[in-house]
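Student: The following block contains the structure, expressed as structure tokens.
None of the figures in this text is laboratory data; all of them are computed from the coordinates on show. Values in this document were obtained by computation on a predicted structure and should not be read as measured data. Here the Cβ positions follow ideal geometry from the backbone for every residue, glycine too, while neighbour counts run over all protein chains shown.
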């Protein structure tokens, strides 16, 4: 299966939903989506431009393997193989036994619309403004709906995983700083540990 998609930033949630619904698209899903990314300890899949994940979407769980990206301007295409699974813990153990470890997880609230073979996903991550993803089976169809939704060229672009993780980390840090015990612990850190709260954003992007 070929996945062709584009990410849209700086959207007004209410306005873009109104435009999507005016096109005739129907809402098919709203809820939490959690992605668990796996790789080898040496990041072999990331170096090949591939991505292995377990996705929990509502009550359903999927295993997906994504291939290397091919971009046409800001529209990204890649091969994807996926299967619905029934037990997350069992699949997690299978991947661990095959040498894969969970390297991070991403959590978002998704509102999903469909119009024929076009999918519109409105995603909301902690600490970031809402984003829109348009997905279809061809670059031309994706571009057609970028134009129909009157998306500005400067708002079309990638969403970086390290940006999502850093935003959540910042929100978590600020929330924890309201806890006197955590705040005291942070302030007592040594000079060598000064930037540890914000370290570690070196994971390759999806």
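Student: Taking the alpha-carbon centroid of each part, what is the distance from the stretch 83-132 to the stretch 33-78 in angstrom?
Tutor: Rounded to whole Å, the Cα centres lie 9 Å apart.
Student: Taking only Cα atoms, what is the 0 to 90° angle, nearest 10, from helix 161-176's long axis to the longest principal axis of the chain?
Tutor: 50
Student: OK, next. Taking Cα pairs under 8 Å and at least six residues apart, what relative contact order does the stretch 74-131 come out at, in percent?
Tutor: Values: 31 pairs, mean separation 10.6, N = 58.
The normalised contact order for the stretch 74-131 reaches 18 percent.
Student: Please check: in the Gaussian network model of the chain (C-alpha springs, under 10 Å), which one of 91, 177, 131 has the largest mean-square fluctuation.
Tutor: Of 91, 177, 131, the most mobile in the Gaussian network model is 177.
Student: Looking only at 56, 143, 73, which one moves most when the chain is put into a Gaussian network model with springs between Cα atoms under 10 Å?
Tutor: Top of the fluctuation ranking is 73.
Student: If I fit a long axis through the Cα atoms of helix 13-22 and take the longest principal axis of the Cα atoms of the chain, what angle between them do I get, 0 to 90°, rounded to 10?
Tutor: 30
Student: Let me ask you something else. Using the count of nearby Cβ atoms within 10 Å as a rough guide to exposure, how do 89, 68, 170 rank from fewest to most? Before the final figure, lay out each step's value.
Tutor: Working: 89 7, 68 11, 170 14.
Listed from fewest to most nearby Cβ atoms, that is 89, 68, 170.
Student: Enter the angle in degrees (range 0 to 90, nearest 10) between the Cα long axis of helix 88-97 and the first principal axis of the Cα atoms of the chain, meaning the one along which they spread out most.
Tutor: Taking the Cα atoms of the chain, the angle to 88-97 is about 70 degrees.
Student: Students often get this wrong, so try it: which of (i) 56; (ii) 67; (iii) 47 is percent of Cα pairs over 22 Å apart as calculated from the structure shown?
Tutor: (i)
Student: Could you work out [θ]222 nm for the chain from helices alone, using -39500 (n - 2.57) per DSSP H run of at least four and dividing by all its residues? Round to the nearest 500 deg cm²/dmol.
Tutor: Details: 6 runs with 58 residues, N = 206.
My calculation for the chain gives -8000 deg cm²/dmol from helical runs alone.
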